[in-house]
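Scroll down for the structure; my scribbles are underneath it.
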Amino acid sequence: MPAFFHHLSEVLYQVLECVGVNPWVVERRHHTFLHREAAWDVHVHQEGHDRTTFHFGSQSEGTTTPGLQSDTDQLSTQNNINIMFSWADWQQGRMNLLMVREEDTPPQHYLLQGIRSDFPQPVTHTDHPDCVTDSQGRVFYSNMTVVRLAAEAHGDRHIRHGPSNSFSEDWDFVDALYCKTLPSEIMSWFTRMQHGYWPSQETLQAARMCGCFLVPDGHHGSVNQDIEWRITPNLIERLLMFSLNMVPIKCMVVLKMLKKQEFVKHMKCVNCKFTTFHCKTALFFTLHRTQQTVWIKSRLIECIVKCLQTILEFLNQGEYPHFIVEGVDLFDGKLCRECQLSLEQAIQGMIQDDMHVLFHLQSDDLGQRLMALPHEVRSYPGNDVNAGICGKLAKDMFEQYLRRVRMACSRLCSNDEADVYTSLNNETTLLESLLADARTTQYDTNYIKFIVKCLMSVKASVTISSCIEFSQPLPRNIWQLYGESLDTDVASSKLKLASMHYCGGELQRAASVLHEVEFDLDDSVQPVCGCGIKPYKDELSKAFCEYTVLNDSHEQLIKKLAFCVRFLREEKFCAPQFLWCEIYRAAGDDVDHRTANQRDWMDWAQVDAKPFMLYLQYLTYRGLGVRHRQMEAFHGLEDIVTSYDKLDQLYHRETVINLFGHCCELEGIVQAALHAYNASLLLRPRNNAANWHKQRLELMLDN
């Protein structure tokens, strides 16, 4: 290897640290996606389903950068289906599917034969639309069920890539079946791994317990394509990726950059592609064959070259083996021979040119950063890129948490069998029982504690709303419920408490809580919403991002997060009466024009935290007769509404404008209020309470 490779490796290593490929961010990615898995699993358990969710791929492994723009891979498996590798795996009372291979079944693929749930015998007939009966009377489960259901769910947005059925290019959703028994073509891998430098024996031992998945993806060109299922050892692959240190992770990132920019130029056929999985496979083989002493910082470029040489070896022999599954050629259906030869020539040129291609990589301006002087490369973790990644991971995780909370509230409020308070009580009891379950992980625990606190706040507000409505005294434990929920974030629960005080006529207490919230809502606080909508300017606070670099625990993050404030219909007497119109915002056939995300939260009042704080301050200080504080709040709200930059960063812009319109009404500025409601309707013509307010004002002006 050229002598300058050592110095260049050191510089490349440092440059990659600065664009998010460092232990700090990689570990953050691991933990973030494990938390998100836990939140989803608890949520589906709450809904009475038996599914498990996993995140795989670049985002969860930490082998990506902002410039690579990697999508997010999510795999979900139904636990109520028992996959049988042999008849000994049969289970009574469950849907059983036996893995079957025929002589003409392609490598890595199986057929799934229906087996009775009451007795270990094959199913002989079925009315299921997605099952196929062969000439021998065997009933096979079709992989097209998943495609059909996804197409029905996503409609025109349905995107299919292999086993993935998604509604966005940024996400890959795969519905799979879990097989706890590893088939022979995977088990043989453990024998092959006995000789080599990697993986470790500890990793291999853990891999034996992983099991595998069957994904709905038939072999291209197969006559049985619609009933074939492909085995995939995703859990083993994730275990291997999680075991890596930073040198192979950085190596993988550079391979992806080369693939994205250079390899793609040599795909002469439209349907040919060299994938990220090809890169990962080359890395695995190279790690297995190469002594561990090679994988050090000063030899990073040498490691990259060795991976490229592994790819060259496979290109030269015209066959690209799977690292784990025996008998699989990853070129099959992916890369024709012409493209293989073209890519082979290109990679040979890169190596012969001493990897000068690295100076031309555009992802994350890597080439320019490499040519920069060493003192111009700012170290991690405090640079803007790393801070931005940490901030986005934190925001996205809590956004997912809030979506799960929203779905739980929607489900509980639609329960016709019991009142909402009883449903909430049963729900929190269920969640608390999960905390005591020995199988509950720390990731589960963090989310369960979070959602319990959120539901405690709803329970308290539902109770107080009922008491206010019927002029009843408050229960003794009500303050305990509120107390247990006030630290869900920096503002939303406290603002609901302040609103409750205001609605109960306790204006001084409301003012005291609002003062505390105002002190906490500084520039480092990041707004977050779980409604599934995005502001026009979905920007992160720089101060928040910098905070998340060093503070990544739940307890620390919630100090810098401000959730939108939500009032369910059952909580409406804890909200100012003007907000009730948001709860009943639909006019005419507006309900028919709601998206799936809007169907629940549009029956509630939802408003961003800071504008709601200002609105409550206006009402509270107006009631207290403190005019100068009342006008401070008015002008603060006016500043948000009249500033496009500030308004476009809100989630519920139309509601905030409506609140400002109400303040204008109370100030006697009727024309300004009418202008506000018209502006609100420009943003959202339907499902907007401004329709009611505008009609009311126009009637008043006509009279």
Counting only residues that are open to solvent by less than 40 Å² (accessible area, probe 1.4 Å) and touching a residue at least 40 places away in the same chain (Cβ under 8 Å), region 508-523 contains a total of 5
Any chance region 31-52 includes a residue that's touching an Asp or Glu at 6+ places or on another chain (Cβ under 9 Å) and outside any helix (DSSP H, G or I)?
yes
Leading residue by the ranking (surrounded by the fewest Cβ atoms within 10 Å (Cβ to Cβ)) among those in region 367-403 that are over 27 Å from the mean Cα position of the chain (by Cα) and either modelled with pLDDT of 95 or more or part of a helix (DSSP H, G or I) (or both):
His375
Ser76 fails exactly one of the following numbered conditions: (1) farther than 27 Å from Ser433 by Cβ; (2) open to solvent by less than 30 Å² (accessible area, probe 1.4 Å). What is the number of that condition?
(1)
Please give the number of the condition Gln291 fails out of (1) surrounded by 21 or more Cβ atoms within 10 Å (Cβ to Cβ); (2) over 23 Å from Leu358 (Cα atoms).
(1)
Among residues of region 567-586, those that are outside any helix (DSSP H, G or I) and either more than 13 Å from Lys459 (Cα to Cα) or without any contact (Cβ under 8 Å) to a residue 24 or more places away in the chain (or both), counted
5
Based on this model, can you work out whether Arg51 counts as of a type in the set (D, E, K, R) and touching a Cys at 6+ places or on another chain (Cβ under 9 Å)?
no
Among the numbered criteria (1) among the β-branched types (Val, Ile, Thr); (2) surrounded by 18 or more Cβ atoms within 10 Å (Cβ to Cβ); (3) more than 25 Å from Leu507 (Cβ to Cβ), which single criterion is violated by Val656?
(3)
Cys279 within 30 Å of the chain's Cα centre (by Cα), modelled with pLDDT of 95 or more and either more than 22 Å from Cys18 (Cα to Cα) or among the β-branched types (Val, Ile, Thr) (or both):
yes
Residue list for region 159-172, filter: open to solvent by 50 Å² or more (accessible area, probe 1.4 Å) and either touching a residue at least 60 places away in the same chain (Cβ under 8 Å) or in contact with a Phe, Trp or Tyr (Cβ under 7 Å, 6 or more places away or on another chain) (or both):
Glu169, Asp170, Trp171
Please list, ordered by first then second residue, the pairs with beta carbon atoms under 6 Å, 6 or more apart or interchain, first in region 128-142 and touching a residue at least 24 places away in the same chain (Cβ under 8 Å), second assigned to a loop (DSSP other than H, G, I, E, B) and not charged (D, E, K, R).
Val132/Ser142; Val139/Val123; Val139/Thr126
Could you list all residues from region 313-330 that are buried (at least 17 other Cβ atoms within 10 Å of the Cβ), over 16 Å from Arg230 (Cα atoms) and in contact with a helix residue (DSSP H, G or I) (Cβ under 7 Å, 6 or more places away or on another chain)?
Leu315, Tyr320
Of the residues that sit in region 675-703 and are over 14 Å from Ile657 (Cα atoms) and among the aliphatic types (A, V, I, L, M), which one is least open to solvent (accessible area, probe 1.4 Å)?
Leu697
For region 615-628, which residues satisfy the criterion of being more than 14 Å from Gly505 (Cβ to Cβ), open to solvent by 50 Å² or more (accessible area, probe 1.4 Å) and in a helix (DSSP H, G or I)?
Arg627, His628
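The values are calculated or read from the model by the stated rules, or taken from the named source; none is laboratory data. Here the structure is a predicted model, which is why all the values come from computation and not from measurement. Ideal geometry is used to build each Cβ from the backbone, glycine not excepted, and the neighbour counts take in all protein chains shown. What goes into the accessible areas is simple: the full protein's heavy atoms, side chains included, and nothing from ligands, DNA or RNA. Shrake-Rupley method; radii C 1.70, N 1.55, O 1.52, S 1.80 Å.
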